[in-house]
Structures are given as C-alpha cells and as structure tokens.
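A.B. asks: First the structure, which I've put down as structure tokens, then a few questions once you've had a look.
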Amino acid sequence: MIGLPRKSGKVDFFSFFALTLIGYYERLHIRTMSPLSQISQIRQRIARLVRQRQVAERRLSGRGELLKGTLLEVRRTCGKAGCKCAKGEKHVCHQLSASIEGRTRTRNVPRKYLTKVKHLTDNYRRFRRSRAEWVRINEQITDLINQLEVARTEEDFSNEFMRKKS
C-alpha cells in the first residue's frame, strides 16, 4: 500500500510534495497518450486505488473499541509548602482531553485505567487516519472516473455521424 511516510506521527512534507508532483505528472502524461492507452492507464490506476481502499476498509471494519480524545501527561504543583513539587519536582497526572459538542473537555484518568485509555485513544486515532485515507482514495477514484469519462467521450458526434452516413 502506498501511503505518506511519517516522522513522529506527522506527514513528512517532502514526501507529500513528491507524491503530489508524481500525481500531477501522471495526469499530464495521461493527457498526451492515445485515447486507448489513456483509458487503459486510467483503469489500471482505478484498480490500484480500489485495492488500497479495500485495505483501508478492512482497518475501518475492525472491532476494537474507540475513545475520542487525546491522553495528556500533565505536571503540576499541589500547593503544599513542604511537598516535593514546591522544590521543582512536579506531580504527574494524566488527563483525557476531547472536543464534545464543540467544547474541549478534560478529565483526569486514574492510573489503573491509564493503559486501557491509551489503547482506546490509539485505536481512535488509527481509525480516524484510516477514515481520512479512505476519503482521499475515493476522491482520487472519482477524479479518475471523471478523466475516464472525458477520455471515452466523443468530441463532436455530428462529424462522426456524417462520415459514416456518406
């Protein structure tokens, strides 16, 4: 499967730029080909994207539970004068932050649920990435179907009709 290379969870800009240029080049290259070659190339690209979409759909149809939000590690002071946090060594707590009904909500996560919450939020993040990939692939398929329509459409039917009649 062709995907965007990632560096620490973020899309590598150079790779994104390179893939964009490759897609642009492919579209230009297809326009300069003969109509039959053009149609064949477009069909091959659609078939490749359909296979990629099936992979994304398998990931989307997984049965794992999801938890919307981001797990944060927060360091804070308690305010007690004799505590270690007053000397600079802050207390560590974990919070779940999520947007609910348009507002960001934050909840403390007890240590005993930390592993479970991390697992569920990771599942949610993977699900959202797969969903975005599925949408992107469908947009590309739609673009190629539009190109296929253009490639298969006769420019001027009246001229073709007149030639066959004579």
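Taken together, the values in this text are just the output of simple stated rules run on the coordinates, not laboratory data. Everything numeric here is computed off the predicted structure, so don't read it as measured data. Because the Cβ atoms are built from the backbone with ideal geometry, glycine has one as well, and the counts that use them run over all protein chains shown.
A.B. asks: Could you work out how much longer the chain between residue 86 and residue 36 gets when fully extended? Use 0.36 nm per residue separation minus the Cα distance between them, nm to one decimal.
C.D. replies: Working: separation 50, 0.36 × 50 = 18.00 nm, distance 7.56 nm.
Contour length minus Cα-Cα distance gives 10.4 nm.
A.B. asks: Using 0.36 nm times the number of residues separating residue 129 and residue 66, minus their current alpha carbon distance, what extension gain do you get? Numbers along the way, then the final one.
C.D. replies: Working: separation 63, 0.36 × 63 = 22.68 nm, distance 1.30 nm.
That pair, residue 129 and residue 66, stretches by 21.4 nm at full extension.
A.B. asks: Roughly what would the spin-label model give for residue 78 and residue 138, points 7 Å off Cα along C-beta, in nm?
C.D. replies: It is 5.1 nm.
A.B. asks: Quick check on packing: order 79-88, 112-121 by the mean number of other C-beta atoms within 10 Å, highest mean leading.
C.D. replies: Result, highest mean first: 112-121, 79-88.
A.B. asks: Work through the residues other than residue 142 whose Cβ is under 12 Å from its Cβ and net out their charges, Lys, Arg +1 and Asp, Glu -1.
C.D. replies: Numbers: positive: 53, 136; negative: 139, 143, 149.
Value of the local net charge: -1.
A.B. asks: Show me, for region 140-151, the HN-Hα J-couplings you get by feeding each phi into the Karplus relation (A = 6.51, B = -1.76, C = 1.60, θ = phi - 60°), rounded to Hz, glycine and proline as x.
C.D. replies: For region 140-151, the Karplus-derived couplings read 5, 4, 4, 4, 5, 5, 5, 5, 5, 4, 4, 5 Hz, x marking Gly and Pro.
A.B. asks: I'd like the FRET efficiency for residue 99 and residue 149, computed as 1/(1 + (r/R0)^6) with the beta carbon distance as r and R0 of 35 Å, rounded to 0.05.
C.D. replies: Working: r = 40 Å, r/R0 = 1.13.
It comes to 0.30.
A.B. asks: Amide H of residue 109: which non-local residues (sequence gap of 5 or more, or other chain) have their own amide H closer than 5 Å, using H built in the peptide plane?
C.D. replies: 94, 95, 96
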